[in-house]
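Here is the structure we will look at, set down as C-alpha cells.
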Amino acid sequence: MNEAGEAWYNLAGAENDVVLSTRIRFARNFVNFPFPLRFNCDDGERIQTLVFDAFSRIEHPERYQALSVKKLDALGKRILQERGVLTPSEITNPVAGIVVRTDGKLVCAVNAEDHVRLSCFGAGLDTEAVFTELKQVDDALQDIVQFAASVEFGYLTSSLKNTGTGMKLSFFMHLPSVSFFNRETRELSALIADTEKKGFSVQPCFGYALNYEDSFLPALGSCYEISSSRCFTGTEAEQIEELKKTVYTFIDAERVSGRKITDNKPTALRDFVYKALAAVKYSRFLSERECLEMLFRIKWGIDTGILEGIENSALFSLVYRTKNAHIEFINRNQHFKFESDVNTSELQLMRLRSLIMQESLEQIGICA
C-alpha cells in the first residue's frame, strides 16, 4: 500500500500509455436479510451498522472512514460521484453508506443493489495487486460476518448476472490512434464488436464526442471502459485472465496504430496535439468537456513522442483534479482573486480549471 493519504491515481502503473486504471468489484450480501430493494423497516440501518462495525475490527481500522451518505452535504456527494465512489442511485438512497480508505483505493458501498459492494482501484494494468488487496479485505470481513453463498451458485446477489464470483472487472483505456484510423480501417469498430460478442461491455468513460459525421460515434477523449458483465462462469482467476487477453488486443492495436500515425500521418498528429496544447496554454475558460478533450490529446502527444515533460500518472490525476465538484471545493475553501468580469460561480470554475491545467502542464515541451 502507498503512503497513507496519497491518492492511488497519482501513482505510475504498468501499460499506462493505454490502460489508465484497473478496478475490481465484489458484490456480497448478508445471510438472513432481504436484498436492498426488499428491505423492511430498519433492515438498511442494521446492515449499515454491521458493515461499519466489521471495518472497525479489521487490521488498521484507522485507515477507513465510514459515512452514512445522507449525512454528506451535496458537494461531498458530487465529489464522491466524480471519483466513481458513489452512483446517482446511492446519492438518493436514505440507507446508503460508504466506507473509504484514506488513499481512496479501496471503497465499500453499503446498501446499493447489494448489501456490500467492495471495490479496489489501481493505476495502469494491475489486476494481480488489485485482486490480492481486495481479496484480503474481503477475507477479513468474512472472518467477522457471514455472506450469503451456496456451493452450487456461489455468492448470491440481487442480480443473476452477478451471482457466482460476484466479481466485476473494469479497465479505463485511452485509444486515440486506433480511433483516428477507424474511419478508414474500422479496426476499433471490429474490436468493440468482437469484445461484445464475447460477453464483455465497452462503453465511453465520459460520453461521446459531438459533431462527428460518421456511423461510428467516438468516445470523448477516446477513453473507453472495458468491463466484464457476467460472474457465473469460471473462477475469479479465469475471469480475470479471459478479459485481460481481450484488453491486450486493444493495447496491441493502439500501439501499432500509434506507430502508424507517427510514420504516415505526422502532420495530422501534430495538428491535433499542438492545437490542444495551444488551447490550454492561452485559454481563460475551460469547460469540463473541453478540458478532457484537450488533456487526452496532450497525452496522445506524450505517448507518441512528440511532447515531453510530464508523466502519464500526472496527466491521469488531472482527470480528477479538474472535475466540477473538486474545483468547486477548492474555490470554496481557498481565497482566489479573479478578474473583475469573472463574477459568477460558473465562470470562476472554468477560469480556475484553465489555471490548474496551465500550471500542471507548464513543463511540457515539443520534441524535435
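Tabulated values for the structure
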{"item": "Qualifying residue in region 168-189 (condition: open to solvent by less than 50 Å² (accessible area, probe 1.4 Å), in contact (Cβ under 8 Å) with a residue 40 or more places away in the chain and on the phi > 0 side of the Ramachandran plot)", "result": "no"}
{"item": "Residue 85 of a type in the set (A, V, I, L, M), at pLDDT 90 or above and either in contact with a Pro (Cβ under 9 Å, 6 or more places away or on another chain) or open to solvent by less than 30 Å² (accessible area, probe 1.4 Å) (or both)", "result": "no"}
{"item": "Positions within region 273-301 being open to solvent by 60 Å² or more (accessible area, probe 1.4 Å), of a type outside the set (Lys, Arg) and touching a residue at least 60 places away in the same chain (Cβ under 8 Å), in sequence order", "result": "274, 285"}
{"item": "Test set (1) out of contact with any helix residue (DSSP H, G or I) (no Cβ under 8 Å at 6 or more places or on another chain); (2) open to solvent by less than 50 Å² (accessible area, probe 1.4 Å) - residue 74 fails condition number", "result": "(2)"}
{"item": "Enumeration of residues in region 238-288 that are of a type in the set (S, T, N, Q) and closer than 27 Å to residue 201 by Cα", "result": "239, 246, 249, 257"}
{"item": "Members of region 333-365 found to be in contact with a Lys or Arg (Cβ under 7 Å, 6 or more places away or on another chain) and within 18 Å of residue 298 (Cβ to Cβ), listed by number", "result": "354, 356, 358"}
{"item": "Residue 354, sole failed condition from (1) open to solvent by 30 Å² or more (accessible area, probe 1.4 Å); (2) under 24 Å from the mean Cα position of the chain (by Cα); (3) not acidic (Asp, Glu)", "result": "(1)"}
{"item": "Selection count where residues are touching a helix residue (DSSP H, G or I) at 6+ places or on another chain (Cβ under 6 Å) and either assigned to a strand (DSSP E or B) or more than 24 Å from residue 52 (Cα to Cα) (or both), scope region 124-166", "result": "1"}
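The values are calculated or read from the model by the stated rules, or taken from the named source; none is laboratory data. Keep in mind the model is a prediction, meaning the values are calculated, not measured. Don't worry about glycine lacking a Cβ; one is built from the backbone with ideal geometry, like all the others, and counts go over all protein chains shown. With ligands, DNA and RNA removed, areas are computed over all heavy atoms of the protein, side chains included. Shrake-Rupley method; radii C 1.70, N 1.55, O 1.52, S 1.80 Å.
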